[in-house]
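Trainee: Supplied in structure tokens, the structure appears directly below.
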Amino acid sequence: MNRISTLFFLLITIALSAQEDLWTPEEIINTVYLTQPSFSKDGSKIVWLQRKGLVKEDKFVNHLYLTRLENVSDTPKVIQLTRSVESESNPVFSADGNALYFKSSREKGKSLWRLSLQGGEAEEVSKFENGLSSLSRLGDSALVFISGEGKSLYDITYEKDNTTVVEDTAHWNPRRLYSFDLKSKKTTRLTQNPYRINSYSASEDGAYIVYQEITSPDYNTDGNPKPNYVLLDIKKGTSQTILEGLQSPGGFRFTQDGKGFYFNAETSSDPEWNGAGIRELYYFDLLGKDFIKVPLDWENGLSGSYFLDGPHVIVQLANGPLQKLRYFEKEGNTWNWKDFELGELQYHTNILAFHQETDRVIYTHSTASKLPEYYVATLKVNRKNVSLEDPLILTTLNKKLKKKPIAKSEIIYWKGANDEEVNGILYYPKNYEKGKTYPLILSIHGGPTGVDQDEWSERWSTYPQIYTDKGAFVLKPNYHGSGNHNLAFIESIKNGNYYSLEQIDLYNGIQYLNDQGLIDMDKLGLMGWSNGAILATWMTLKYPDMFKVAAPGAGDINWTSDYGTCRFGVTFDQSYFGGAPWDDTNGKHYNEWYIDNSPIFEIEKIKTPTIIFHGSEDRAVPRDQGWEYYRGLQQVGQAPVKFLWFPGQPHGLQKITHQLRKMKEEIAWIDQYLFEDTKPKNEAFKKDSPLASLLSMQKNMSDDGLIGTTFDGVLIPPTASLGKDTIAIGTHEVTLAQYHAFTGKSYDRLHANSPVTALSESEIRAYLEWLKEKTGATYRLPNEKEAERLHKKAREAYKTQNNLNTLAGYELTALDVGDLQKKLKEVKTSLIRNTGSHPMVKLKDEVMVYDLGGNAAEYYQTPSGLKSYDYSAYDFVDPAAQHPSSATEHTGLRVVKEK
């Protein structure tokens, strides 16, 4: 292959795959992750979950995967264990590691399943009519789980009545702990609690369980009365209430020696309402029945999970937009810490699981510009620090996505409210050029105690890669009140400061980027979900002329109604706003705050084009907030507004169709109002329809109806560019009229737009030289590698083109081809029609060509002469044959034009 041909092949390859380089909503929502990994008892195996989207079923399911670590020196072996349309969850290894017990959506989720790791299908172990949740091993021979007690007579009396009982403390059935003996298959009730057990943890030897018992029908709603925390001695059959006075204890983990357990608890200034704060670590001594706080020496507290190494503990500390790992060695009732030294992985490593006997660690590493990689390594506690040695890639996911262009990102810092430093993740436009300014989209996290960290986090609610593809900056700000920071920062927006500090943070972040000369202040947009939507709405209210577009999802607009209708309205509003709407104490008129800070009462100020999203079954931010929002904007009429309501969806969208619809509607809205894609959209016009083919054909016709482009008075083949400064490819096969513009010979005008066929190599070469002489551009045939790409497109498109398969009128196989070709001989006219008579074939984004996959076959150039890569109307497209072989009289040509 000569240098020009090689360059052409590279260019056509790049051009044909250019569309693949752009991120799509489908790729965002179908990105896969390793989740919930756990080790077998001996540490030789790992089970984990991977989510998969099922388009036909319109849902996501989790499948079980197994990784074997025995005798591993390179990449561990990964085995997919389940593949059904049902979703699996809560896998637990048997004590010997030879089987997995798990829950499934099969059988309405009421059964326990077992899967032998020696092979075979999953089998149903037992069915629990009252359900089961939170499955774990209890010692070596039993499982423990949470379940209900069944229906009371009251329940049975009304079971055919579809009335929804919102709350009824008199008929609030308990949920208790049960054990299931794996040998005898006997189920035993372990607790007699009057209320509902929400979570628990069992000691490794099966001697103790500590659990949380919710004492209110909807604890998240009213915050009171507080849960009970109970220590159960299984052998003695006794229990006692513990941890009184602490706010929201959780994350219980027993030490291996069974002498105690660790847990975390919230520290805040308003524990009465479960106020947001920082989480701190505690140790409970089973002998003394008392607890002590572990001195973390870190003002931000904990972040994520922690893991035990004997009596010692590995913690992940809250570190703003970064990660922070620390190891605490326990000596009596004191703890000494050591930091992790991880080299380039420092601050971006998240531990997912730890096995004490083998010291194996499963961890993931990613940044906002790097998809996650998953590793297994060995924990090594050194004299001064801790390291992760001999890392192996546990599994590699999303290989195709890792090849796509990914936006550069960085953590930025600026001065926000109270002249305090705030931070965020800034994503740069693809192909960013220093000195140019670009649009900016603020993608605002929820919570408000959510946090955006320097890790991969593309999903249906926030997806910077798509907007950086379009040439915009995206900023994910960690405003005052965001989690993973210190207590003062998290609590700063309480007591009437909600909105006021975040507003300054967001505004100052925009001004900071403007001062850096990065953004176009006339092209600003906002998007966010939940609290992110709340803040996006507030910004359009306070700065009516600042933003070109807003896309809030599931956000509040009226706090006076939120208090009673939001699932956690009581606790949230009491904590952040300082009181209920009717409170009027100590000179504070809370009703005034609720009204003054509800956008619905000033909605006439909003001028920003706004698209609103809401799930119909959302109890975190009730659906009627969306209705109030839409109706207000629609009635005021100062801003274009659109409202999408997703039936059956809770606060987070769950269906594939709904996630995609949300993203595509949002992208189209932002395209229109921020990127000013104001071309009128004809919603009745389909781009790959027969009408589109006709219109495209029309562009490539001369005034007298001949296909082609008139250049300096002669008719030449029309071409379509495959990219800026690259090559162009013929949109049609060279026609009789185009060829005879070269020969000067007469031809049948009736067949002027038919492909010219049966030319010799010398005739084709002479025609291409004539085109070069007339236009100054080089024309040629595709070479071998280029023909392979075009042949692939031809095979993909053959079902809509003019070939023997489509002429047959049924699913033609090789068995009938011979007889059918005999029948063809009875046809008195040519089967080859005017070029462009069949639907277009897409090569890339806006490049459409005709007749690939049928009509006339097409030549390509090889060192040994001409060969064909396409099919003619007389050819059978055989799925078992790789390359067509067409008769000369049915073979034409398509040109390639070099620039």
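The values are calculated or read from the model by the stated rules, or taken from the named source; none is laboratory data. Predicted model, so just to flag it, every value in this text is computed and none were measured. With ideal geometry, Cβ positions are generated from the backbone for all residues, glycine too; neighbour counts draw on all protein chains shown.
Trainee: Within the stretch 644-666, restricting attention to residues that are within 16 Å of Tyr463 (Cα to Cα) and surrounded by fewer than 18 Cβ atoms within 10 Å (Cβ to Cβ), which residue is farthest from the chain's Cα centre (by Cα)?
Mentor: Glu665
Trainee: Looking only at residues that are touching a residue at least 60 places away in the same chain (Cβ under 8 Å) and in contact with a helix residue (DSSP H, G or I) (Cβ under 6 Å, 6 or more places away or on another chain) in the stretch 762-779, which one is surrounded by the most Cβ atoms within 10 Å (Cβ to Cβ)?
Mentor: Of everything passing the filter in the stretch 762-779, Tyr779 is surrounded by the most Cβ atoms within 10 Å (Cβ to Cβ).
Trainee: Also, I was wondering about something else. Among the numbered criteria (1) surrounded by 16 or more Cβ atoms within 10 Å (Cβ to Cβ); (2) among the aliphatic types (A, V, I, L, M); (3) in a strand (DSSP E or B), which single criterion is violated by Leu296?
Mentor: (3)
Trainee: Let me ask something else about it. Looking at the stretch 386-417, which of the residues that are polar (S, T, N, Q) and modelled with pLDDT of 95 or more is surrounded by the most Cβ atoms within 10 Å (Cβ to Cβ)?
Mentor: Ser409
Trainee: In the stretch 777-805, which residues are in a helix (DSSP H, G or I) and in contact with a Phe, Trp or Tyr (Cβ under 8 Å, 6 or more places away or on another chain)?
Mentor: Hits for the stretch 777-805 are Glu784, Lys785, Glu786, Ala787, Glu788, Leu790, His791, Ala794, Tyr798, Leu804, Asn805.
Trainee: If you check Asn805 against the conditions, is it closer than 21 Å to Arg833 by Cα, at pLDDT 90 or above, under 44 Å from the mean Cα position of the chain (by Cα) and not acidic (Asp, Glu)?
Mentor: Yes: the conditions hold for Asn805.
Trainee: From the set of residues in the stretch 141-161 that are within 38 Å of the chain's Cα centre (by Cα) and in contact (Cβ under 8 Å) with a residue 40 or more places away in the chain, which is farthest from Gly258 (Cα to Cα)?
Mentor: Only one residue tops the list, namely Ile146.
Trainee: Here's a follow-up. For Leu243, indicate whether it is at positive phi and either surrounded by 19 or more Cβ atoms within 10 Å (Cβ to Cβ) or assigned by TED's automatic domain parsing to the domain that holds Pro448 (or both).
Mentor: Here the answer is yes, as Leu243 does meet what is asked.
Trainee: Test Gly528 against the criterion of being small (Gly, Ala, Ser), over 21 Å from Glu266 (Cα atoms) and over 23 Å from the mean Cα position of the chain (by Cα), and give yes or no.
Mentor: no
Trainee: Given the residues Val877, Val896, which is the only one that is under 41 Å from the mean Cα position of the chain (by Cα) and closer than 22 Å to Asn753 by Cα?
Mentor: None of the other options fit; the residue is Val896.
Trainee: Take the residues of the stretch 787-808 that are crowded, with 21+ Cβ neighbours inside 10 Å and in contact with a Ser or Thr (Cβ under 8 Å, 6 or more places away or on another chain): which is farthest from Gln882 (Cα to Cα)?
Mentor: So the residue we want is Asn802.
Trainee: Restricting the stretch 605-624 to residues that are over 23 Å from the mean Cα position of the chain (by Cα) and under 24 Å from Ile441 (Cα atoms), which is surrounded by the fewest Cβ atoms within 10 Å (Cβ to Cβ)?
Mentor: So the residue we want is Lys605.
Trainee: Considering only strands (runs of 3 or more DSSP E) fully contained in the stretch 78-133, which possess at least 1 residues that are buried (at least 17 other Cβ atoms within 10 Å of the Cβ) and under 25 Å from the mean Cα position of the chain (by Cα)?
Mentor: Counting at least 1 such residues, we get 88-93, 99-104.
Trainee: Now for a different question. Hey, can you tell me all the residues within the stretch 721-761 that are in a loop (DSSP other than H, G, I, E, B) and closer than 19 Å to Lys867 by Cα?
Mentor: Listed by number, the residues that qualify are His732, Glu733, Val734, Val756, Thr757, Ala758, Leu759, Ser760.
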